[in-house]
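Working notes for the structure below.
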Amino acid sequence: MEIRGVKVDVRYLKELNLLYEAKLRDLEEEAHKLSGESFNLNSPKQLAEVLFNKLGLPVQRKTPTGQPATDEEALSALVDQHPLVEVLLRYRELYKLRYTYVEGLLQSVHPRTGRVHTTFHQAVAATGRLSSQSPNLQNIPIRTEEGKRLRKAFVASREGWVLLSADYSQIELRIAAALSGDPHMIADFQAGRDIHTSTAQYLFGPVSPLSESEKRRIAKTVNFGIIYGITAHGLVQRLGGGLSRTEAQKLIDTYFMRYPAIKSYIERQIEQVRKCGYAETLLGRRRYIPQINSSNKVQRAEAERLAINTPIQGTAADMIKVAMIRLHKRLPDIPLLLQIHDELLWEVPESEIESIARIIQEEMVEALPLPNQVPIEVEIKVGENWLEMAPLSLS
DNA sequence: GAGATCACG
DNA sequence: ACGTACGTGATCTCG
């Protein structure tokens, strides 16, 4: 993956760069006009001075060093109070895209290969995941419309070839279901149900003032929270306004009534780390967590969350690594380009898409069978670039 | 080089 | 009363 590199469309990136350059210039000018002075928009310190002293907007929160926070969460709460805030949010978004991604990628294009060659680290992440550096190709934008435009720059490197992505679906929740043996969660996956919708129905029942999509959103946040070692306060923070700590705790309690084996799994993991000092994945890779017996309550709580999360995240890392090795052997002439934790990106000849996709799907599904008959699902998509990928259905 | 911020799974 | 969800890397400012 490192040596082969990934082809990026340099012309397209240069066009984006000019576009962002112009937009950023306008936004900067607008921001200075609205604030009545010229200052460095990239300095949180100068920005805080303008927002909270000069314009008198209310400080939302302090950073760990006592400085007023100006991050997206703090700014979003102020959008209705001054027109400058929206300009700043847009400026931040585009600045990140231009400098970290557009310029970063352009600078990373190798002069001889014309491709981008990342470095993957195999012994950095404590859970067993890979990490990617110089440039990081595991955090290319996808969540916002503006950010997605970056993905269009990633293209197949040969005429007649296309990109193929293969994603493990809900892999960490499936692993939680399997390791815990929780009957309801297992049944949901076996029936092919949408796990977040299923959780939503249980948490809120049929009579609720909330919309279906709102219920699902909350359930999804709770499900992810479980994997990370949920706390009532953490849930309040992520769900935002309107929810009290007590209500959050109630959601968690209700959740554990539906999925009792998840609750006992969590307790079991914490107990295991207390006893032997490490958490382990399904394949037996260990992470030592000595702070589990700390006299400091905060450190102990952090250690307990690691005890919960590490086997789940680490088992997912085990699984995709096994799949990578097996697929390297089975498809020696099909180049794997990137691994993004639960996704593999390849380039494949257009004429052989179907047969190759079947092999990739089969090996990923079978790489590491989970206990308790929890099924694994892999979604395959194909496209000319990393943005415009269409699902490929294999019957 | 620390801190703040923000991109991803 | 306390501090708060797991794992990463890149960029900027500022002392």
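We did not get these values from a lab; they are worked out from the coordinates using the rules stated. Note that this is a predicted model, so its numbers are computed, not measured. Note: ideal-geometry Cβ built from the backbone for every residue, glycine included; neighbour counts use all protein chains shown.
What is the extension gain from A:D253 to A:E384, computed as 0.36 nm multiplied by their sequence separation minus the C-alpha to C-alpha distance, in nm to one decimal?
Value of the extension gain: 42.5 nm.
Would you list which aspartates and glutamates come within 13 Å of A:K275, measuring only between C-alpha atoms, while excluding same-chain residues fewer than 8 positions from it?
A:E267, A:E304
Under the 0.36 nm per residue contour assumption, what length would be gained going from the current alpha-carbon distance of A:R112 and A:H233 to full extension?
That works out to 38.4 nm of additional length.
Placing +1 on the Cβ of each Lys and Arg and -1 on the Cβ of each Asp and Glu in the range A:9-120, which of A:T70, A:P44, A:Y99 has its Cα farthest towards the positive end of the resulting dipole?
In the range A:9-120, that residue is A:Y99.
Working only with C-alpha atoms, what are the Rg and Dmax values of chain A, expressed in angstrom?
Cα radius of gyration and Dmax of chain A are 23.6, 64 Å respectively.
For the range A:181-335, what does the relative contact order come out to in percent, with C-alpha contacts under 8 Å and a separation of six or more?
Relative CO of the range A:181-335 lands at 19 percent.
May I have the extent of the alpha carbons of the range A:290-386 along their three principal axes, as whole Å values ordered from largest to smallest?
The Cα atoms of the range A:290-386 stretch 62, 31, 21 Å along their principal axes.
Please report the spacing between the Cα centers of the range A:357-395 and the range A:119-136 in Å, no decimals.
23
Could you state, as a whole-number percent, how many of the C-alpha pairs of the range A:173-310 are farther apart than 21 Å?
So the portion of pairs separated by more than 21 Å is 45 percent.
Which percent of Cα-Cα pairs in the range A:9-120 sits in each 10 Å bin, short to long?
Histogramming the range A:9-120 at 10 Å steps yields 13, 38, 25, 17, 7, 0 percent.
What pairs from A:K23/A:K215; A:K96/A:K152; A:K96/A:K215 go past 28 Å between their alpha carbons?
From A:K23/A:K215; A:K96/A:K152; A:K96/A:K215, over 28 Å: A:K23/A:K215; A:K96/A:K215.
Relative to 2.2 N^0.38 Å, what does the C-alpha radius of gyration of the range A:99-225 come to as a ratio? Two decimals please.
So the range A:99-225 has a normalised radius of gyration of 1.45.
Filter the GluC sites (Glu not before Pro) in the range A:18-117 to those in DSSP coil with at most 15 other Cβ atoms within 10 Å of their Cβ, and list the result.
Of the GluC sites (Glu not before Pro), the ones in loops of the range A:18-117 whose Cβ has at most 15 other Cβ atoms within 10 Å are A:E37.
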